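**Student:** Let me give you the structure first, and then I'll get to my questions.
The values are calculated or read from the model by the stated rules, or taken from the named source; none is laboratory data. Just so you know, these numbers come straight off a predicted model, no measurement behind them. Every residue, glycine among them, receives a Cβ derived from its backbone with ideal geometry; neighbour counts consider all protein chains shown.
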């Protein structure tokens, strides 16, 4: 994902329309400075030689998409066992690299140069590349762990995230030979020749997404230093630029690969929130107010506690999603990735705002910077609304396929009298907002989590009813009922997060991790709090536009859009004296 | 005999016999009408006349007749919308005398003629949409007491008038402009408010060389209408229809429409009940979708009798000015008008400076040149 949406014009081959967006790979530039080289040599971290064998495939058989099924109130209970992806050797290897990276990224003394060198020496730039090409062949779970550490430097975090996704796209899109030619240049080639490479923002390889032939999308790789590329601030302009098309990848596959950027965005947001927590703790600890330590103020404690809940929830959801992708063949987890992003972007932003209001007066600049970071990450590339629409429309598309017959009957009640009577009878619990709990999720979790599990179950069971209500109400035009779809998307997002939180806490408690009892409490609290939200959202869907006030909100908006005034008179205005 | 007697009773005891008490003033005092002799008719002289009446006689004889006469003359002096004038008239009524002092007086309409007079005054205010104020209430209270009919009338007015005052969704300033051009702009803006992106231009017919009628044209056309116009089939003529009238309070503005053909209704065969294959977005992060223009199908401009592609009001409403309008539309972004024939079907021939239809002005110019 890139910092800015760039709209540029390309007149080349069959690219006729605007380019909607570019993906920047971290560029590679040769720069050999003797001084820095000597400095780095001491810290150099040597790892194993080039591998001959590829990483073993341990993924399980394909499963049906998890969250899409939840829209139908179908829940894959196996997933309540939190995915465990990494084996012992891989874990040790991971820890070794992380320890080194950690020492670099957590030390404020280190410069950007040092950090980039550390990334190079740990082969981070080649991380998703296959072992046989001198990469690390990391999976998504490992990727998240690395990214978390690297994200202590948010700039580098974003660069490396873009870089990895770009590499994945290239792997899928280029032919073997093309890939081979490019990949060395991007990851190891220059390294071998000059022993030095530096990331820069403005030049280098660019992955450009274009619309070709009216509505089809295609990605193109633009090589560095080709003609026709000019940059203006954050915008890169292309004119008559030669580019290599990524022919081998289909649009849907490309969407899945690029969708990983959403998962990364969630991780980066979470790291930003974590930094905010640290800032607040540093500020609060030494201070006191009215003869009491500031840290005894319950509002401050609550704010930090809230932030921790969000942090924990988001972390669980991210690793859960990464586990889904790594654990099963041909995973369909684009919905889950989008949900992770949206959960963290929306909750994180409000959480950070609340946290940073604590030291806001004293540390204004610092707070401003941190909040700006968070805001930037949360709205990087796309908005909450567009992602929500993506989630809801995909979910309802999936549900629509399977419920089409039923919806047709509901919408034509006089043709199907017996069906309607049966339906009324079947839905009697749902209408009372008390569905029968038939999924027995508690059986797959630690017994202490029985109550939260039932709350999750309630939420899951309400989803089908919500989808049914929406489709029965709008028919095929459901894809334009945006305000209601937004609620559906938010409800589904919360369900994913609740699921991951419960399964993680249950796993932690069962295997006896340190502080597992805290995790249990966090999970129970989170589910308790979130269930009410989901309940409200779905009730609002059920209520319809007049009771949930959508109709009125939309009308106010429409009037303002038409007139561009605030409509109302000032409170001092009069009609007579 | 008996029948004649009964008929006589019936004739004389008509049901409105009670009203007769104050309905006729024929046998009353003949009032000196100060308004008739005033040389200049404006607010100042009107108020002077009222003052004159007040100062003439301490008992103010004939004040009811005076007020009725004054009310009837308001339009003449152009003060029928002025609250101050109405207050001056209420002020004419004596204070205290008409306040009932016991329940019988209160119940059976004390001084009915005077009360009715005040009610009529208020009624005229209401008809002219003049909102009374709290000072007026105080005055009425001092004259008729809190149980007076005029007070009740006043209170009802104060309940309803503020509610009706801003009921129209099209806001107009309290005082309408006197300039006809400004008025036309307001009128066209009101008609075209259905489309928020509407663009209103003011052109002068001088821009068109062949024009005879030198006047202004207020023309409104939205970008959507431009597209609709450009998509008109060139063989079917466009039609200029009008004049239609729009009211801005009491003022009337005539306007004209340029009508094209309405496109056939888009056929939508999709089954709205079939949700088996709903649309879904491609899901590429940051991809917003194509930036196609807004679909122009079934816009508000497409009505049953045709597609309204432009609207105008001109200074003279003459055919020649409308011809200039078409030429100006062509000049400003509607080149398609060069090829499409335009028919003028004006409902009533407007008071025209008279130019034959399609008669090219150049021809006439040439004639003029000859005669010169």
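**Student:** Mind checking which helices (runs of 4 or more DSSP H) fall wholly inside region A:374-442 and carry at least 2 residues that are farther than 15 Å from residue A:468 by Cα and touching a residue at least 12 places away in the same chain (Cβ under 8 Å)? Steps first, answer last, please.
**Tutor:** Values: elements: A:384-411, A:417-426, A:428-431.
Of the helices (runs of 4 or more DSSP H) lying wholly inside region A:374-442, those with at least 2 residues that are farther than 15 Å from residue A:468 by Cα and touching a residue at least 12 places away in the same chain (Cβ under 8 Å) span A:384-411.
**Student:** Where the second residue is at pLDDT 85 or above and not in a helix (DSSP H, G or I) and the first is within 15 Å of residue A:324 (Cβ to Cβ) and facing chain B (nearest Cβ under 9 Å) and lies in region A:248-266, which pairs have Cβ atoms under 9 Å and are six or more apart or on separate chains?
**Tutor:** As it stands, the answer is A:256/A:331; A:256/A:332; A:256/A:333; A:259/A:333, since those pairs meet every condition given.
Matching residues to (1) within 26 Å of the chain's Cα centre (by Cα); (2) outside any helix (DSSP H, G or I); (3) at pLDDT 95 or above; (4) crowded, with 17+ Cβ neighbours inside 10 Å:
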{"site": "B:146", "(1), (2), (3), (4)": "no, yes, no, no"}
{"site": "B:169", "(1), (2), (3), (4)": "yes, yes, no, no"}
{"site": "B:172", "(1), (2), (3), (4)": "yes, yes, no, no"}
{"site": "B:176", "(1), (2), (3), (4)": "yes, yes, no, no"}
{"site": "B:181", "(1), (2), (3), (4)": "yes, no, no, no"}
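**Student:** Can you say whether residue A:112 is at pLDDT below 90, closer than 30 Å to residue A:376 by Cα, within 14 Å of another protein chain (Cβ to nearest Cβ) and out of contact with any helix residue (DSSP H, G or I) (no Cβ under 7 Å at 6 or more places or on another chain), as far as the supplied structure shows?
**Tutor:** Working: at pLDDT below 90: yes; closer than 30 Å to residue A:376 by Cα: yes; within 14 Å of another protein chain (Cβ to nearest Cβ): no; out of contact with any helix residue (DSSP H, G or I) (no Cβ under 7 Å at 6 or more places or on another chain): yes.
So residue A:112 does not fit the description; no.
**Student:** Scan region B:33-61 for residues that are within 23 Å of residue B:113 (Cα to Cα) and buried (at least 18 other Cβ atoms within 10 Å of the Cβ) and jot them down.
**Tutor:** Selection gives B:34, B:35, B:49, B:50, B:53.
**Student:** Criterion first (within 14 Å of another protein chain (Cβ to nearest Cβ) and in a loop (DSSP other than H, G, I, E, B)) does residue B:270 satisfy it? Give the steps one after another, and end with the answer.
**Tutor:** Working: within 14 Å of another protein chain (Cβ to nearest Cβ): yes; in a loop (DSSP other than H, G, I, E, B): yes.
Here the answer is yes, as residue B:270 does meet what is asked.
**Student:** Separate question: Kindly establish whether residue B:197 is outside any strand (DSSP E or B), away from chain A (no Cβ under 14 Å) and within 22 Å of residue B:307 (Cα to Cα). Steps first, please.
**Tutor:** Numbers: outside any strand (DSSP E or B): yes; away from chain A (no Cβ under 14 Å): no; within 22 Å of residue B:307 (Cα to Cα): yes.
Judged against the criteria, residue B:197 is not a match.
**Student:** Right, something else. Do we have residue A:448 as part of a helix (DSSP H, G or I), away from every other protein chain (no Cβ under 14 Å) and over 31 Å from the mean Cα position of the chain (by Cα) here?
**Tutor:** On the way: part of a helix (DSSP H, G or I): yes; away from every other protein chain (no Cβ under 14 Å): yes; over 31 Å from the mean Cα position of the chain (by Cα): no.
It is false that residue A:448 is part of a helix (DSSP H, G or I), away from every other protein chain (no Cβ under 14 Å) and over 31 Å from the mean Cα position of the chain (by Cα).
**Student:** Identify, please: which residue in region B:88-108 is in contact with a helix residue (DSSP H, G or I) (Cβ under 6 Å, 6 or more places away or on another chain) and either closer than 12 Å to residue B:147 by Cβ or part of a helix (DSSP H, G or I) (or both) and is, among those, farthest from the other protein chains (Cβ to nearest Cβ)? Walk me through how you get there before you give the answer.
**Tutor:** Taking region B:88-108 and keeping what is in contact with a helix residue (DSSP H, G or I) (Cβ under 6 Å, 6 or more places away or on another chain), we get B:88-90, B:92-93, B:95, B:98, B:100.
In the following step, the residues that additionally are either closer than 12 Å to residue B:147 by Cβ or part of a helix (DSSP H, G or I) (or both) were identified as B:88-90, B:92, B:98, B:100.
On the way: B:88: 17, B:89: 18, B:90: 16, B:92: 22, B:98: 25, B:100: 28 Å.
Here the residue is B:100.
**Student:** If I go through region A:413-439 residue by residue, how many of them are in contact with a helix residue (DSSP H, G or I) (Cβ under 9 Å, 6 or more places away or on another chain) and farther than 18 Å from residue A:458 by Cβ?
**Tutor:** The qualifying residues number 8.
**Student:** Among the residues of region A:545-564, are any over 24 Å from the mean Cα position of the chain (by Cα), within 13 Å of another protein chain (Cβ to nearest Cβ) and either on the phi > 0 side of the Ramachandran plot or surrounded by fewer than 10 Cβ atoms within 10 Å (Cβ to Cβ) (or both)?
**Tutor:** yes
**Student:** Out of all the residues in region A:131-173, which are in a loop (DSSP other than H, G, I, E, B), over 28 Å from residue A:279 (Cβ atoms) and at pLDDT 85 or above?
**Tutor:** Applying the first criterion (in a loop (DSSP other than H, G, I, E, B)) to region A:131-173 yields A:134-139, A:151-153.
Filter once more, so that each one left must be over 28 Å from residue A:279 (Cβ atoms): A:134-139.
Residues satisfying the conditions are A:138, A:139.
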